[in-house]
Structures are given as C-alpha cells and as structure tokens.
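Student: Please see the structure below; I have some questions.
The values are calculated or read from the model by the stated rules, or taken from the named source; none is laboratory data. Note that the structure is a prediction, hence the values are computed from the model and not measured. So basically every Cβ, Gly included, is an ideal-geometry build from the backbone, and we count neighbours across all protein chains shown.
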C-alpha cells in the first residue's frame, strides 16, 4: 500500500461490528477510527488524508441515509460504503444514486468490503488532489490586480486585445502587458489553459463550500 496515510472511519452502533471492522482494516494497513453514531463523527473535522466512511444504515438518531443526504446538502465530499442488516432494494438504490460506493449486507464479506474500501479511498485521493490544485488556482487568482482581473475576464471571454482595450479604455499595448502578467501569475502556457482555470474557479464558486466541517 502507499505510504500516504489511508483512513477508514467506521460508524456503527454495534460494538462487536465496530471491533470486527477495526481488526479487518488494521490487518491490511489502514488507520481506523470508530464511532457509535453520527453525532460522534460530527465532532471530528473532515480528515485531510484520503479516507472513506463505512456507515451503518440503521442507527439511533440520524440514520446513515439521512447523514449521507446532510453531507451532500453541505457539499461535503467523502466516499461512503453502507453496511446494513435490514436493507432493501429501494434503500440501496437511493444510497447508490446519492453517490455511495457500495451497499453491502451484514454479515459482511471481508473481500467485498475491502475491495469497496480500495475504490473509495482511491476516489477520495483523486478528489483531494483536485482540491489542492484548486487551492493553488485560487492563490494565483488572488495575486491578480483589479486591472489584471479585468483583462483576465476579457481573455477568457474570447476578446481580442484591441477589444479589451476599447472595453477598458486603455491602450492595446497596455492590454498586452497586463495579459502577459496574467498568464505568468496564473502559471499557464496558453489561452486554453487560462480558460480551463477560469472554468474551474467558476465551478468552485457555484458549488457549495464544504470547508472542513461535518456540521449538520
């Protein structure tokens, strides 16, 4: 396995199940945290390392599906594997449509569960890589001056330097200077790269900010 920490968070109100899952996950090298209900998990922030949730469907208070919906509503992305001794087809379909990695019956099959955990943590690792790249983009964009942002917007809109200059009331040569600085500060090689960066920033702004909280 990778030397990067991999964390499995187990939420189940049955202590024997929690202990069995802890032993299984640790036997293959995962870090494990266990919780008896969703409220305990809420006290912990979203881990910074690649992780996944192994979540019981039927729990006191907030059940697994309600917790999944709450995370989705707040834009918190974390892969979930459901375990249940009381599942049905509509329940499993709802969980999978909402993005669950798998929906497994109790008693669980260790090989199937571990395979699902591998998929889940790989997905989360890719998500965290994307998040880091987006954070870098935001830092680059924040370094632009107000005028450079104006030119940035004109370039990604497909405007020519002459058109940007007319729009902003500045000389075309000045636009070229600002444009070069924009490309340098955004750390891109081409207009296509700049457009992709703008799209990623816009998508992030439109998405609900997750932060590092689970709070409901």
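Student: Of the residues in the stretch 24-41, how many are surrounded by fewer than 19 Cβ atoms within 10 Å (Cβ to Cβ) and in contact with a helix residue (DSSP H, G or I) (Cβ under 7 Å, 6 or more places away or on another chain)?
Tutor: If we filter the stretch 24-41 for residues that are surrounded by fewer than 19 Cβ atoms within 10 Å (Cβ to Cβ), which is where we start, we get 26-29, 31-33, 36-37, 39-40.
Checking the rest, the ones that are also in contact with a helix residue (DSSP H, G or I) (Cβ under 7 Å, 6 or more places away or on another chain) come to 28, 32.
Within the stretch 24-41, residues that are surrounded by fewer than 19 Cβ atoms within 10 Å (Cβ to Cβ) and in contact with a helix residue (DSSP H, G or I) (Cβ under 7 Å, 6 or more places away or on another chain) number 2.
Student: Could you list, in sequence order, all residues of the stretch 175-197 that are outside any loop (DSSP other than H, G, I, E, B), free of Cβ contacts under 8 Å to residues at least 60 places away in the same chain and surrounded by 16 or more Cβ atoms within 10 Å (Cβ to Cβ)?
Tutor: From the stretch 175-197, those outside any loop (DSSP other than H, G, I, E, B) are 175-185, 191-197; that's our starting set.
Restricting the remaining residues to those that are free of Cβ contacts under 8 Å to residues at least 60 places away in the same chain gives 175-185, 191-196.
Selection gives 175, 178, 179, 181, 182, 183, 185, 194.
Student: Also, quick follow-up: Please work out which one of (1) surrounded by 14 or more Cβ atoms within 10 Å (Cβ to Cβ); (2) part of a helix (DSSP H, G or I); (3) at pLDDT 95 or above is the condition residue 200 fails and give its number.
Tutor: Condition not satisfied by residue 200: (3).
Conditions tested, residue by residue: (1) in the same structural domain as residue 38 (by TED's automatic domain parsing); (2) surrounded by 14 or more Cβ atoms within 10 Å (Cβ to Cβ); (3) part of a helix (DSSP H, G or I); (4) modelled with pLDDT of 85 or more.
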residue	(1), (2), (3), (4)
65	yes, yes, yes, no
76	yes, yes, no, no
83	yes, yes, no, yes
94	yes, yes, yes, no
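Student: Another question, if that's okay. If I ask for residues that are part of a loop (DSSP other than H, G, I, E, B) and either buried (at least 16 other Cβ atoms within 10 Å of the Cβ) or touching a helix residue (DSSP H, G or I) at 6+ places or on another chain (Cβ under 6 Å) (or both), which ones from the stretch 3-13 would you list?
Tutor: Just the residues of the stretch 3-13 that are part of a loop (DSSP other than H, G, I, E, B), to begin with: 3-6, 12-13.
If the condition is that a residue be part of a loop (DSSP other than H, G, I, E, B) and either buried (at least 16 other Cβ atoms within 10 Å of the Cβ) or touching a helix residue (DSSP H, G or I) at 6+ places or on another chain (Cβ under 6 Å) (or both), then 6, 12 are the ones that fit.
Student: Considering only residues that are free of Cβ contacts under 8 Å to residues at least 24 places away in the same chain and within 20 Å of residue 67 (Cα to Cα), which ones fall in the stretch 16-42? First the steps, then the outcome.
Tutor: Kept after step one, since they are free of Cβ contacts under 8 Å to residues at least 24 places away in the same chain, are these residues of the stretch 16-42: 16, 18-20, 22-23, 26-27, 39.
Of everything in the stretch 16-42, those that are free of Cβ contacts under 8 Å to residues at least 24 places away in the same chain and within 20 Å of residue 67 (Cα to Cα) turn out to be 18, 39.
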